[in-house]
Amino acid sequence: MNLQETVSKLSKKEVSLEFAKEFANTQFGTLTAYLKPKEIKVFVCDLDMIEAISNVNAESISNWDGNEDEAKEFIEVAKQEGSVYSLEGFQNTINNDVNFSESYVFITNNY
């Protein structure tokens with residue numbers, strides 16, 4: 001995401017590049033707080049759990065950034081009925097031979 005897209009998202013409106021530059025100059029603290037990286041989370045749902053979510057398939061998940069309605073719904077289902085891992089926790093789970101072949105996995109820091 002570039003500066004203009006970031007400031008537009010933060011402002012919840014489309015902004016010009018000039019506005020984005022001015023915002024960055026005058027509101028640097030706000031901008032850096034907004035851009036502070038979140039921990040990466042891994043959301044896992046069994047295939048049968050996500051049947052109620054429309055348009056979810058492996059291809060669509062690979063294109064999500066976490067802002068899509070389907071992604072938000074997937075995250076909620078994973079929180080309620082599936083599994084949510086830290087990246088390290090997910091790695092440990094895989095190393096313990098847990099099988100995710102019947103699951104959809106979504107990895108993001110945008111939740």
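Throughout, read-outs are computed from the coordinates displayed, never taken from laboratory work. Just so it is clear, the model here is predicted, and its values are computed rather than measured. Here the Cβ positions follow ideal geometry from the backbone for every residue, glycine too, while neighbour counts run over all protein chains shown.
Data for the structure
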{"quantity": "Environment charge of Glu76, counting only residues whose C-beta is closer than 14 Å and scoring Lys/Arg +1, Asp/Glu -1", "calculated": "-2"}
{"quantity": "Neighbour count of at most 11 Cβ within 10 Å plus DSSP loop: longest trypsin sites (Lys or Arg not before Pro)-free window in the chain", "calculated": "39-111"}
{"quantity": "Full-stretch length increase - Leu35, Asn110 - with 0.36 nm per residue and alpha-carbon distance subtracted", "calculated": "25.9 nm"}
{"quantity": "Cβ-derived FRET efficiency at R0 41 Å, Asn99 paired with Lys72, nearest 0.05", "calculated": "0.95"}
{"quantity": "Listed values (1) 51, 29, 28; (2) 59, 34, 22; (3) 50, 30, 22, entry calculated as Cα extents along the principal axes in Å", "calculated": "(3)"}
{"quantity": "Reach of Lys13 by Cα under 18 Å, taken over lysines that are not fewer than 8 positions away in the same chain", "calculated": "Lys21"}
{"quantity": "Taking the stretch 41-108 and dividing mean pair separation by its residue count, relative contact order in percent (alpha carbons under 8 Å, at least six apart)", "calculated": "60"}
{"quantity": "Cβ-based exposure ranking for Val98, Val56, in which fewest neighbours within 10 Å come first", "calculated": "Val98, Val56"}
{"quantity": "³J(HN,Hα) computed for each position of the stretch 16-28 - Karplus, 6.51 cos²θ - 1.76 cosθ + 1.60, integer Hz, glycine/proline x", "calculated": "7, 4, 4, 4, 4, 5, 4, 4, 4, 6, 9, 10, 4"}
{"quantity": "Potential lengthening between Glu81 and Glu22 on full extension [0.36 nm per residue; Cα-Cα distance subtracted]", "calculated": "16.8 nm"}
{"quantity": "Cα-Cα over 21 Å, subset of Lys9/Lys38; Lys12/Lys41; Lys36/Lys79; Lys12/Lys72", "calculated": "Lys12/Lys41; Lys36/Lys79"}
{"quantity": "In Hz, Karplus ³J(HN,Hα) per residue of the stretch 80-92 (6.51, -1.76, 1.60; θ = phi - 60°; x = Gly, Pro)", "calculated": "8, 10, x, 9, 10, 10, 6, 4, 5, x, 5, 4, 4"}
{"quantity": "Value of [θ]222 nm, deg cm²/dmol, for the chain, DSSP H segments ≥ 4, -39500 (n - 2.57) each, nearest 500", "calculated": "-13500 deg cm²/dmol"}
{"quantity": "Residues Asp97, Asp69 arranged by fewest to most Cβ contacts within 10 Å", "calculated": "Asp97, Asp69"}
{"quantity": "Exposure proxy order (Cβ contacts within 10 Å, fewest to most) of Val105, Val15", "calculated": "Val105, Val15"}
